[in-house]
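The values are calculated or read from the model by the stated rules, or taken from the named source; none is laboratory data. Everything numeric in this text was worked out from a predicted model, so none of it was measured. Cβ atoms come from the backbone with ideal geometry, glycine included; neighbour counts cover every protein chain shown.
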Amino acid sequence: MEFFTSDLHLGHANSIQRDNRPFANVEQMNEVLIERWNARVDENDSVYLLGDLICMGDRAFAQEVLQRLKGRIFLIKGNHDAAYLRSKETAERFELIVDYLEIDTEFSGVLTKLVLSHYPIFIYRQRHLGAIMLHGHVHDCAEYRYLKRMQREYLNSSAGNPIHCALYDTYCGLYDWAPATLEQIVTRL
């Protein structure tokens, strides 16, 4: 099974207030996010992590977290991942580490191109052929609302000539603090 997630920001106390996360402290947040990841993901599942797993450079903490997480993890780097990736042992836990990735997957019985990036991209490759853009970075905040407004304006500006622009945020807080399937992401209201 394939899952997608982003912006866990484990170890980052400031993210609790900034993102209005429902946790009393960073320790509780870390434990809940790891527990929910492992409750949904099995060892052989693929998890596409669209950046910002850990928001600190503590390599020992990163290694501990990565040892606890289930699944085959493919990292699409975010703006907070560089520091802990300097450790060879930490980096080796990932199946792949890239800035951007395109994969083909079956969705609703159709082979579908997924474009994966930490950052949202409006004009992405093969969007006119039905490709889907999954991203992170904007969380569930003013940037997210602005992005959704821009997307609506972009789609409505086509004047009878529909423009395909399927951008979906994989921020873990939108999916009960756990990785989500493509179907869960696309059908989220």
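The table for this structure:
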item	result
Identity of the residue in the stretch 55-99, of a type in the set (Phe, Trp, Tyr) and closer than 23 Å to residue 117 by Cβ, that ends up nearest to the chain's Cα centre (by Cα)	74
Top-ranked residue of the stretch 8-49 - restricted to ones that are acidic (Asp, Glu) and outside any helix (DSSP H, G or I), ranked as modelled with the lowest pLDDT	19
Tally of residues being surrounded by 12 or more Cβ atoms within 10 Å (Cβ to Cβ) and either over 11 Å from residue 8 (Cα atoms) or not aliphatic (A, V, I, L, M) (or both) across the stretch 18-31	8
Search result, residues across the stretch 67-104 that are crowded, with 16+ Cβ neighbours inside 10 Å and β-branched (Val, Ile, Thr)	73, 76, 90, 97
Unmet criterion (only one of (1) within 16 Å of the chain's Cα centre (by Cα); (2) outside any loop (DSSP other than H, G, I, E, B); (3) closer than 29 Å to residue 165 by Cβ; (4) charged (D, E, K, R)) for residue 52	(2)
Test: residue in the stretch 137-146 that is modelled with pLDDT of 80 or more, buried (at least 20 other Cβ atoms within 10 Å of the Cβ) and not in a loop (DSSP other than H, G, I, E, B)	no
Neighbours by Cβ (under 6 Å, 6+ apart or cross-chain): first from the stretch 94-108, under 17 Å from residue 127 (Cβ atoms); second not polar (S, T, N, Q)	101/76; 101/116; 102/115; 103/114; 104/111; 104/113; 105/114; 107/182
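Conditions (1) hydrophobic (A, V, I, L, M, F, W, C); (2) more than 17 Å from the chain's Cα centre (by Cα); (3) not in a strand (DSSP E or B), marked per residue:
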{"position": "101", "(1), (2), (3)": "yes, no, no"}
{"position": "106", "(1), (2), (3)": "no, yes, no"}
{"position": "114", "(1), (2), (3)": "yes, no, no"}
{"position": "119", "(1), (2), (3)": "no, no, yes"}
{"position": "125", "(1), (2), (3)": "no, yes, yes"}
{"position": "133", "(1), (2), (3)": "yes, no, no"}
